[in-house]
Amino acid sequence: MTNKKSIIKFAILVIIIAGAFFAFRYTPLSQYARKEELLNLLSGFREHWWGPIGFILIYGIGCIFALPGSLLTLCGGAIFGVAWGSLYNILASNLGATLAFLMARYFGRDFVARLMKGRIESFDEKVAGHGFRFIFTLRLIPLVPFNGLNFGSGLSRIKYRDYLLGSVIGMLPGTFIYTYFADALLSGVTGSGKKAMTNLIIASALMILISLAPTIYKKLKK
């Protein structure tokens, strides 16, 4: 039977996530859950030496409150360009993934572990035994919710070492492509000529390719 402490901790986790959902949907903060408004807010960071640090911290803290990782990554690419944007996005996304994982692990793991019985507990053990491969594979699939995987992994038995390594390596392709896509899209809007259109086409093709990566991998494996 779950003890009182684990129930309280899990309730705090639920309140934080539910509160963030409500705040970014029904309060004035909801404007910053939209790409245009968030981009306008962060664009000024480009003019300051502390801009990258501020962006990384906002991205990381935003993941705790379940802000969409893809939205923040696109903003990073649009603001800082492909090269620096990719670097900052990789650092920021993994910081956010770590913070969300640790929060879920501290506040929710005990409660969830006490509820697991039978097949669910066996599945949890198998996932933990192949933690790196599990995380790495899911990070390659764009359709898997970034924040959902962060919190879900924290609630599971997956070791933090496997989670971090799988996240860092698994998110590299997607982070670069999203960053490149955002930069190419902005160049296509603000620029002109054949180069901007070519970059936008390449970025779109890469986005499609990464979405098909898991299917291609399965066929090659067979």
Out of ILE90, ILE64, report the one residue that is touching a Leu at 6+ places or on another chain (Cβ under 6 Å), closer than 22 Å to LYS159 by Cα and open to solvent by 30 Å² or more (accessible area, probe 1.4 Å).
ILE64
Is it the case, given these coordinates, that THR73 is closer than 23 Å to PRO142 by Cβ, crowded, with 23+ Cβ neighbours inside 10 Å and among the β-branched types (Val, Ile, Thr)?
yes
Can you tell me how many residues in the range 119-169 are farther than 21 Å from SER6 by Cβ and either in a loop (DSSP other than H, G, I, E, B) or among the charged types (D, E, K, R) (or both)?
13
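Would you pick out the residues in the range 3-30 that are aromatic (Phe, Trp, Tyr) and either touching a strand residue (DSSP E or B) at 6+ places or on another chain (Cβ under 8 Å) or open to solvent by 70 Å² or more (accessible area, probe 1.4 Å) (or both)?
Step one: list which residues in the range 3-30 are aromatic (Phe, Trp, Tyr), which gives 10, 21-22, 24, 26.
PHE21, PHE22, TYR26 - these are the residues of the range 3-30 that are aromatic (Phe, Trp, Tyr) and either touching a strand residue (DSSP E or B) at 6+ places or on another chain (Cβ under 8 Å) or open to solvent by 70 Å² or more (accessible area, probe 1.4 Å) (or both).
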Pick from the range 52-61 the residues that are over 24 Å from SER153 (Cα atoms) and touching a residue at least 24 places away in the same chain (Cβ under 8 Å): which of them is least open to solvent (accessible area, probe 1.4 Å)?
PHE55
Return yes or no: is PHE101 touching a Ser or Thr at 6+ places or on another chain (Cβ under 8 Å) and touching a residue at least 24 places away in the same chain (Cβ under 8 Å)?
yes
Confirm whether TYR32 is among the hydroxyl-bearing types (Ser, Thr, Tyr) and free of Cβ contacts under 8 Å to residues at least 40 places away in the same chain.
yes
With the checklist (1) surrounded by fewer than 16 Cβ atoms within 10 Å (Cβ to Cβ); (2) in contact with a Ser or Thr (Cβ under 8 Å, 6 or more places away or on another chain); (3) small (Gly, Ala, Ser) in hand, flag the one item GLY129 doesn't pass.
(2)
Filter the range 148-178 for residues that are open to solvent by less than 20 Å² (accessible area, probe 1.4 Å) and either touching a strand residue (DSSP E or B) at 6+ places or on another chain (Cβ under 9 Å) or at pLDDT below 85 (or both) and give the result.
GLY174, ILE177
Answer yes or no: is there a residue in the range 104-118 that is more than 29 Å from ILE12 (Cβ to Cβ), under 20 Å from the mean Cα position of the chain (by Cα), free of Cβ contacts under 8 Å to residues at least 60 places away in the same chain and in a helix (DSSP H, G or I).
no
Of the numbered conditions (1) assigned to a helix (DSSP H, G or I); (2) in contact (Cβ under 8 Å) with a residue 40 or more places away in the chain; (3) buried (at least 16 other Cβ atoms within 10 Å of the Cβ), LEU95 satisfies every one except a single condition; which is it?
(2)
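The values are calculated or read from the model by the stated rules, or taken from the named source; none is laboratory data. Only a predicted model underlies this, so the values are computations on that prediction, with no experimental measurement involved. A quick note on method: Cβ atoms are made from the backbone with ideal geometry, for glycine too, and the neighbour counts reach across all protein chains shown. To get the accessible areas, we keep the full protein, side chains included, count just its heavy atoms, and leave off ligands, DNA and RNA. Shrake-Rupley method; radii C 1.70, N 1.55, O 1.52, S 1.80 Å.
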